[in-house]
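*Asks:* For reference, the structure I am asking about is given below.
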Amino acid sequence: MEKGALTDFFRSYLGKESLFLDKGALQPNYLPEKILHRGDQLKQLANILAPCLKLQKPSNLFCYGKTGTGKTATIRYLVNQLINTANKDKIPLMSIYVNCRLKRIADTEYRLIAQLTRELGKEIPITGLPTDEVYRVFFNTIDAENQFVLIILDEIDQLIKKTGDNIIYTLVRINEDLKNSQISLIGISNDLLFVDNLDPRVKSSLCGEDLVFPPYNALQIRDILSERAGRAFRADVIENGVIEKCSAYAAREHGDARRAIELLRVAAEISERDNLDQIRIDQIDRAEEKIEHDHVLDIIANQPKQFQLTLYSIISISSTSNGPVFTGEVYELYHQLCDRVNLRPLTQRRVSDIIAEQDMLGIINTKVLSKGRYGRTRDISLTINPSTLLSVKKILGEGLELS
Ligand SMILES: Nc1ncnc2c1ncn2[C@@H]1O[C@H](COP(=O)(O)OP(=O)(O)OP(=O)(O)O)[C@@H](O)[C@H]1O
Ligand SMILES: [Mg+2]
């Protein structure tokens, strides 16, 4: 662009009113001011946790439900209300919230306990102390005052995957030695199978009570989304039907409110970039494509080269043949490509494991077949839509220096 044209562009950009009033209301960490359609859960939570206000220990609590069903939002909302009430009456109740998905915060027992201690206001080095010592500092910090501490471990399945489940048991048992204070745990998870795999001893200590968050239906998502849109956008910038379509899309697999909010946010961003003064229904399909695209790239970016080359091979074969792709042919091509990029080829068995992992991540679908030229093989199809696929292949090719 010429200098003059650029100036004009910036001027018109500055002169244009944004579609957004408060974009923060659509960000993932936004804490809603109203929780809709979770009356039952709020009531149960309130009943279970109210004894804290009298410094009587409530049962530990375990909340589960699929992603985007409002677990984090509902619990944080309720605990905030509880703490507000306590503060007004000078009741020594406090809460600590940790999201265990965050790297470097909850990927080892040391780091989690150190983080909990920091949340209590005590500095602790990032490494260097023996784990026992970290526990001791944590214990002393809590017990230094007469108080009640609610510990919320969000995405607790991630923690246990990394540290093992004994940490829960140890935390719960701390109560037996505390003299002045007490703790209670709230665990949150979207992995429903994770509880079944817990050691029974840990399970009974964690799951004093459990609370289920069922998926929302499209109408419930519509209400949540309208409420949020009212805060996020200027009046009249949403075409009729947009909220309904986002809600319907988000309810297709299971009612996922996060997905609906993200769809609307991305559709609005696309509309702004296109200089439209309204978010139109047809932007939602584009938004969905963009979200899928970014999601697939996110997954791929963090994977080793072997994973990337295997996926590249699958995409290459599927773009030249119409039917399903077989593991044997994927391995053949993968092997050839390994030579080209100077990668030591893995065995066919390992590549099969990688393919199974890609299936688990949802980027491909596989069906096991028992016959075929290669013995037991799988029939693979891609779940990524065709336009995303092209750009994924290009990006993979560039990263692997194949193109
Ligand atoms: N009942 C609700 N009322 C208002 N907003 C909600 C409600 N349920 C969910 N949301 C919003 O939808 C998004 C997803 O909700 P939340 O993060 O609580 O889901 P989650 O169950 O914790 O999902 P995950 O298991 O993936 O962590 C958030 O932006 C949240 O504010
Ligand atoms: Mg959550």
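The values are calculated or read from the model by the stated rules, or taken from the named source; none is laboratory data. Quantities reported herein were computed from a predicted structural model and do not represent experimental measurements. So basically every Cβ, Gly included, is an ideal-geometry build from the backbone, and we count neighbours across all protein chains shown. What goes into the accessible areas is simple: the full protein's heavy atoms, side chains included, and nothing from ligands, DNA or RNA. Shrake-Rupley method; radii C 1.70, N 1.55, O 1.52, S 1.80 Å.
*Asks:* Can you confirm whether segment 234-246 contains a residue that is at pLDDT 95 or above and within 16 Å of ligand 1 (Cβ to nearest atom)?
*Replies:* yes
*Asks:* Scan segment 6-29 for residues that are open to solvent by 50 Å² or more (accessible area, probe 1.4 Å) and within 22 Å of A73 (Cβ to Cβ) and report the count.
*Replies:* 6
*Asks:* Looking at N175, N197 in this structure, which one is touching a strand residue (DSSP E or B) at 6+ places or on another chain (Cβ under 7 Å) and surrounded by fewer than 20 Cβ atoms within 10 Å (Cβ to Cβ)?
*Replies:* Numbers: N197 fails: touching a strand residue (DSSP E or B) at 6+ places or on another chain (Cβ under 7 Å).
So the residue among N175, N197 that is touching a strand residue (DSSP E or B) at 6+ places or on another chain (Cβ under 7 Å) and surrounded by fewer than 20 Cβ atoms within 10 Å (Cβ to Cβ) is N175.
*Asks:* Next question. Which of the residues spanning segment 287-318 are open to solvent by 80 Å² or more (accessible area, probe 1.4 Å) and more than 22 Å from the chain's Cα centre (by Cα)?
*Replies:* Once the filter is applied, which keeps residues that are open to solvent by 80 Å² or more (accessible area, probe 1.4 Å) and more than 22 Å from the chain's Cα centre (by Cα), segment 287-318 yields only K305.
*Asks:* Return the residue satisfying two criteria in turn: it lies in segment 117-143 and is under 14 Å from T170 (Cα atoms) and hydrophobic (A, V, I, L, M, F, W, C), and of such residues it is farthest from the chain's Cα centre (by Cα).
*Replies:* Applying the filter and picking the extreme gives F139.
*Asks:* Suppose we keep only residues that are within 22 Å of I48 (Cβ to Cβ) and open to solvent by 10 Å² or more (accessible area, probe 1.4 Å) within segment 178-190. Which one would you say is nearest to ligand 1 (Cβ to nearest atom)?
*Replies:* Let us first name the residues in segment 178-190 that are within 22 Å of I48 (Cβ to Cβ), namely 178, 181-190.
Of the ones still in play, those that are also open to solvent by 10 Å² or more (accessible area, probe 1.4 Å) are 178, 182, 190.
Details: L178: 29, Q182: 26, N190: 3 Å.
Among those that are within 22 Å of I48 (Cβ to Cβ) and open to solvent by 10 Å² or more (accessible area, probe 1.4 Å), it is N190.
*Asks:* Here's a follow-up. Considering only residues that are farther than 22 Å from Q44 by Cβ and touching a residue at least 60 places away in the same chain (Cβ under 8 Å), look in segment 213-228 and name the one that is nearest to ligand 2 (Cβ to nearest atom).
*Replies:* Of segment 213-228, the ones farther than 22 Å from Q44 by Cβ are 218-219, 222, 225-228.
Cutting the leftovers down to touching a residue at least 60 places away in the same chain (Cβ under 8 Å) gives us 227-228.
Details: E227: 19, R228: 16 Å.
It comes out as R228.
*Asks:* Could you grab me the full set of residues in segment 172-207 that are part of a helix (DSSP H, G or I), under 19 Å from P58 (Cβ atoms) and not charged (D, E, K, R)? Break it down into steps so the answer makes sense when it comes.
*Replies:* Within segment 172-207, the subset part of a helix (DSSP H, G or I) is 172-177, 200-206.
Next, only the ones that are under 19 Å from P58 (Cβ atoms) stay: 172-176, 202-206.
Passing the criteria: V172, I174, N175, V202, S204, S205, L206.
*Asks:* Considering only residues that are among the acidic types (D, E) and either over 20 Å from the mean Cα position of the chain (by Cα) or within 15 Å of ligand 2 (Cβ to nearest atom) (or both), look in segment 229-263 and name the one that is nearest to S18 (Cα to Cα).
*Replies:* Residues of segment 229-263 among the acidic types (D, E): 236, 239, 244, 253, 256, 262.
From what's left, either over 20 Å from the mean Cα position of the chain (by Cα) or within 15 Å of ligand 2 (Cβ to nearest atom) (or both): 236, 239, 244, 256, 262.
Numbers: D236: 12, E239: 16, E244: 23, D256: 27, E262: 18 Å.
Going through the qualifying residues, I end up with D236.
*Asks:* Which of the residues spanning segment 136-155 are among the charged types (D, E, K, R) and within 16 Å of ligand 2 (Cβ to nearest atom)? First the steps, then the outcome.
*Replies:* Our first condition is that a residue be among the charged types (D, E, K, R); within segment 136-155, this holds for 136, 143, 145, 154-155.
Within segment 136-155, D154, E155 qualify.
Each row is one residue, and each column tells you yes or no for (1) among the aromatic types (F, W, Y); (2) more than 28 Å from G68 (Cα to Cα); (3) modelled with pLDDT of 95 or more; (4) within 16 Å of ligand 1 (Cβ to nearest atom).
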site	(1), (2), (3), (4)
L120	no, yes, no, no
E133	no, yes, no, no
E145	no, yes, no, no
F194	yes, no, no, yes
D210	no, no, no, yes
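*Asks:* Within segment 263-275, work out how many residues are free of Cβ contacts under 8 Å to residues at least 60 places away in the same chain and open to solvent by 40 Å² or more (accessible area, probe 1.4 Å). Walk me through how you get there before you give the answer.
*Replies:* As a first pass, look at segment 263-275 and keep what is free of Cβ contacts under 8 Å to residues at least 60 places away in the same chain: 263, 266-267, 269-270, 273-274.
Subsequent filtering for residues that are open to solvent by 40 Å² or more (accessible area, probe 1.4 Å) retains 273-274.
The number of residues fulfilling the criteria is 2.
*Asks:* I would also like to ask the following. With respect to L193, determine if the residue is more than 16 Å from ligand 2 (Cβ to nearest atom), within 20 Å of the chain's Cα centre (by Cα) and not hydroxyl-bearing (S, T, Y).
*Replies:* Working: more than 16 Å from ligand 2 (Cβ to nearest atom): yes; within 20 Å of the chain's Cα centre (by Cα): yes; not hydroxyl-bearing (S, T, Y): yes.
Here the answer is yes, as L193 does meet what is asked.
*Asks:* Please list, ordered by first then second residue, the pairs with beta carbon atoms under 7 Å, 6 or more apart or interchain, first in segment 144-156 and farther than 20 Å from D177 by Cα and open to solvent by 40 Å² or more (accessible area, probe 1.4 Å), second away from ligand 2 (no atom under 16 Å from the Cβ) and not aliphatic (A, V, I, L, M).
*Replies:* If the second residue must be away from ligand 2 (no atom under 16 Å from the Cβ) and not aliphatic (A, V, I, L, M), no pairs are left.
*Asks:* Determine the pairs where a residue that is under 17 Å from L225 (Cα atoms), located within segment 69-80, has a partner that is within 6 Å of ligand 1 (Cβ to nearest atom) and part of a helix (DSSP H, G or I) with Cβ atoms under 7 Å apart, the partner being 6 or more residues away or on another chain.
*Replies:* What qualifies is G70/A257.
*Asks:* Going by the conditions given, is V137 part of a strand (DSSP E or B) and either open to solvent by less than 30 Å² (accessible area, probe 1.4 Å) or acidic (D, E) (or both)? Steps first, answer last, please.
*Replies:* Working: part of a strand (DSSP E or B): no; either open to solvent by less than 30 Å² (accessible area, probe 1.4 Å) or acidic (D, E) (or both): yes.
So V137 fails the test.
*Asks:* Any chance you could count how many residues in segment 46-69 are open to solvent by less than 20 Å² (accessible area, probe 1.4 Å) and within 24 Å of I168 (Cβ to Cβ)? Step through it out loud before you land on a result.
*Replies:* Just the residues of segment 46-69 that are open to solvent by less than 20 Å² (accessible area, probe 1.4 Å), to begin with: 49, 52, 58, 60-63, 65, 68-69.
After this cut, where a residue has to be within 24 Å of I168 (Cβ to Cβ) as well, the list is 49, 52, 58, 60-63, 65, 69.
The total comes to 9.
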